[in-house]
Amino acid sequence: EGMDAVIMAARDAQVASGETAQAGADEARIGVLRGALQREFGATLPEDYAALLRRSDGVDFDGLVLYGSAQSEANPGPGGFWQGLVAANKLWREGPGHTRYLVLGETDIDLFTVDLDGSNPVLRDKVSSDVNETFPSVDAALRRLLATRG
């Protein structure tokens, strides 16, 4: 299944359960995000994640949160969605040990992270930071995370 099909299935399930689906981000928002990630964290936005944001600017569904492009607690998106990449990563960095990677999202038990260069997508335990699962690409990780909820 292509990424579009996986995202559409997850969105349909979201809407069916009364959740708010986020609209896609435009190139301008993604461009601003790229600059902010580089400035704030020295981090590169993975291209596969930008592709997700173009279709859905953040996901909050069934225990999975995939961070959006620009949202924050002061400036939330539809349905009160506040978990933008910059805002969420600032929060994670208040704790120890989360400065070596970029957090793209989370489940009830795991953080979905990539290295600062956008490579090495893994799920790591929220508490211990131990790696629980590795993926060949960000796209493969996103498909797995979304497909278990569609």
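The values are calculated or read from the model by the stated rules, or taken from the named source; none is laboratory data. Here the structure is a predicted model, which means the values were calculated and not measured. Cβ coordinates were reconstructed from backbone atoms using ideal geometry, including for glycine residues, and neighbour counts include every protein chain displayed. These accessible areas exclude ligands, DNA and RNA; they are computed on the full protein's heavy atoms, side chains included. Shrake-Rupley method; radii C 1.70, N 1.55, O 1.52, S 1.80 Å.
I'm trying to understand the selection: among the residues of the range 42-66, which are in a loop (DSSP other than H, G, I, E, B) and open to solvent by 20 Å² or more (accessible area, probe 1.4 Å)?
Result: 42, 44, 62, 63.
It is to be established whether one or more residues within the range 72-89 are open to solvent by 10 Å² or more (accessible area, probe 1.4 Å) and in contact with a His (Cβ under 6 Å, 6 or more places away or on another chain).
No: zero hits.
Could you tell me which numbered condition residue 69 fails, if it satisfies all but one of (1) within 12 Å of the chain's Cα centre (by Cα); (2) open to solvent by 70 Å² or more (accessible area, probe 1.4 Å)?
Among (1) within 12 Å of the chain's Cα centre (by Cα); (2) open to solvent by 70 Å² or more (accessible area, probe 1.4 Å), residue 69 violates only (2).
Please tell me if residue 60 is under 14 Å from the mean Cα position of the chain (by Cα) and modelled with pLDDT under 95.
Taking the combined requirement at face value, the residue satisfies it.
Could you grab me the full set of residues in the range 90-102 that are of a type outside the set (A, V, I, L, M, F, W, C) and either touching a Pro at 6+ places or on another chain (Cβ under 9 Å) or loosely packed, with under 15 Cβ neighbours inside 10 Å (or both)?
90, 93, 94, 95, 96, 97, 99, 100
Restricting to the range 24-41, count the residues that are open to solvent by 70 Å² or more (accessible area, probe 1.4 Å) and either in contact (Cβ under 8 Å) with a residue 40 or more places away in the chain or within 13 Å of residue 68 (Cβ to Cβ) (or both).
4
Going through 11, 93 one at a time, which residue ends up being under 25 Å from residue 126 (Cα atoms) and charged (D, E, K, R)?
93
Which members of the range 81-100 meet the condition of being outside any loop (DSSP other than H, G, I, E, B) and touching a residue at least 24 places away in the same chain (Cβ under 8 Å)?
84, 85, 86, 89, 90
Considering each of 101, 49 in turn, give the residue that is closer than 23 Å to residue 27 by Cα and aromatic (Phe, Trp, Tyr).
After applying the criteria, what remains is 49.
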